[in-house]
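Single-structure report; data block below.
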Amino acid sequence: MNKDKYALDLERAIFNWYYGGDNAAPESVFNAVANGLNNDMQMIVQIELSEAILQAIGDPEKAKVGDTFSLKEGLPIKFRHIAADEDGHYFIPLFTSQEEMNKGGAYSSINQSLKSLFEAVDNWPDCVGYIINPWDRKLFLRKNYIKMLLAYKPKSHISFVKGSVIDMHVDAIVNAANSSLLGGGGVDGAIHMAAGPELLKECRKLNGCNTGEAKITGSYNIKHADHIIHTVGPVYSGKKEDAELLAACYTNSLDLALENGCNSIAFPGISTGVYGYPIQEAATVSLLAAAKWLDAHPDTVMNIYFCCYRDDEMAAYMAFLRK
Ligand code: APR
């Protein structure tokens, strides 16, 4: 799946934005677009095959899927249009990957940098903007949004999502493990179930993990993530060091994510299940730890998702934010 890393990040951020429902914050998507603009993100654009292009291809009988051909400079290329209204206004569809494009059937296409597409959009008076991945979880980018995004400075963002950490499309999913790292119940059991037996095989080589620390593995059958970061939360005892150890789980997981080139990470509520950490206290500790880490990494753009599996987890974060 030879996706452009930034296009993959954008595809994932759009998925999580839809997964988060109507109140989901769009900043993670803006970050992914802006990061892509700054890193020459390539998008797939569908083109109408004109006579001139067909000549460039040569004998269409011989052309086969996957052939590449160079288009002479200045060759008129017409992008595919999707009607925006009855007055001739249209959107241009863009795709983050072949898989997204193929959801609407095969079509001739070329790669173009998102930045050049954004900068060219004013050349077409009847074009109202772009639709990214129009056949599924789509993102409309009208001209006013494009102007905003060209000037947008990406900054790390924390989102609260009601749902399972395993459903998140991120670079790293965090597991609330135990010190053996050999699986268990709760989210640990769910992640091992989803990732498959290869995960346990890799975990066996890690020689366990101390409370407050974190170790990283592959994600195996969880295809919409690249890594799993296993961290061991404290069993709640009411002592002062509980908060220090819990905060260390978040800090060490974020450090590992950064060291492994991740731009997005999803946390469950570490220690708030079997390990008995009171959810309101845990929400405060985890949020402060993440905010402190972001302060210490001002030049990093990390999309952080706190996944609330239970309603009381989401309520605890919202209560903290309203303080
Ligand atoms: N996605 C997101 N969160 C989940 C999921 C899921 N699929 N399943 C459970 N949770 C939430 C729970 O609602 C809880 O708030 O994860 C939080 C952590 O609960 P546990 O999984 O019990 O983890 P923890 O409290 O840290 O205890 C760790 O439990 O499963 C064992 O092997 C694990 O021994 C370790 C201990």
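Suppose every K and R has +1 on its Cβ and every D and E has -1 on its Cβ; what is the size of the dipole of the chain about the Cα centre, in Debye to the nearest 20?
Value, rounded to 20: 420 debye.
Using alpha carbons only, how many angstrom separate the centre of segment 86-108 from the centre of segment 235-263?
Centre-to-centre (Cα) distance: 42 Å.
Could you pull out the pairs from K78/K143; K155/K205; K5/K62; K240/K323 whose alpha carbons sit more than 26 Å apart here?
Exceeds cut-off: K155/K205; K5/K62.
By DSSP, what percent of the beta bridges with both residues in the chain are antiparallel, rounded to the nearest 5?
Around 45 percent of the beta bridges assigned by DSSP in the chain are antiparallel ones.
Given axes a ≥ b ≥ c from the Cα gyration tensor, I'd like to know whether segment 149-293 is rounded (a/c under 1.5), prolate (a/b larger than b/c) or oblate.
Oblate.
What spacing in nm lies between the two simple spin-label points modelled at N207 and N102, each 7 Å away from Cα in the Cβ direction?
According to this spin-label approximation, the distance is 4.4 nm.
Would you calculate, for the chain, the mean residue ellipticity at 222 nm contributed by helices, counting each DSSP H stretch of 4 or more residues as -39,500 (n - 2.57) and dividing by all residues, to the nearest 500?
The helix-only estimate for the chain comes to -11500 deg cm²/dmol at 222 nm.
Grab the eigenvalues of the alpha-carbon gyration tensor for segment 185-240, scale each by 5, take roots, and send me the semi-axes largest first in whole angstrom.
One finds semi-axes of 23, 12, 10 Å for segment 185-240.
May I ask for the equivalent-ellipsoid semi-axes of segment 149-228, computed as the square root of five times each C-alpha gyration tensor eigenvalue and listed largest first in whole Å?
27, 14, 13
Normalised by the residues of the chain, what does the relative contact order come to in percent, with Cα pairs under 8 Å and at least six apart?
After rounding, I find 17 percent.
Report the extension gain between W124 and A291 in nm, rounded to one decimal, defined as 0.36 nm multiplied by the number of residues separating them, less their alpha carbon distance.
Length gained between W124 and A291: 55.8 nm.
Of the DSSP beta bridges with both residues in segment 139-255, give the percent that are antiparallel, rounding to the nearest 5.
40
Let me check I've understood the local charge: for N260, count other residues with C-beta under 11 angstrom from its C-beta, Lys and Arg +1, Asp and Glu -1. What total comes out?
-4
Over the Cα atoms of segment 10-161, Rg to Rh with Kirkwood Rh, two decimal places?
Answer for segment 10-161: 0.99.
For the chain, which longest stretch is free of loop sites, where a loop site is one of the GluC sites (Glu not before Pro) that DSSP puts outside H, G, I, E and B and that has at most 11 other Cβ atoms within 10 Å?
Result, exposed sites excluded: 87-323.
What net charge do the residues around G218 carry, taking every other residue with its C-beta under 14 Å from that of G218, with Lys and Arg at +1 and Asp and Glu at -1?
Residues close to G218 contribute a combined charge of +1.
So, counting K/R as plus one and D/E as minus one, what does the shell of residues with Cβ under 13 Å around Y90 add up to?
-1
Put +1 on the Cβ of each Lys and Arg and -1 on the Cβ of each Asp and Glu in the chain; which of N144, I304, A243 then has its Cα farthest toward the positive end of the dipole?
About the Cα centre, the residue reaching furthest to the positive side is A243.
Please state, to two decimals, what the Cα-based radius of gyration of the chain comes to when divided by 2.2 N^0.38 Å (N = residues).
With N residues counted in the chain, Rg over 2.2 N^0.38 Å equals 1.14.
Let me check against my output: what whole-number percent is the relative contact order of segment 183-323, with C-alpha pairs under 8 Å and at least 6 apart?
So the answer I get is 20 percent.
Over all alpha-carbon pairs of segment 246-323, lay out the pair-distance distribution in 10 Å bins, whole %, shortest bin first.
Over segment 246-323, the share of Cα pairs per 10 Å bin runs 18, 53, 26, 3 percent.
Quick note: the coordinates plus some simple rules give every number you see, no bench work behind them. This structure is a prediction, so every number in the text was calculated from the model and none was measured. Every residue, glycine as well, gets a Cβ built from its backbone with ideal geometry; the counts of neighbours run over all protein chains shown.
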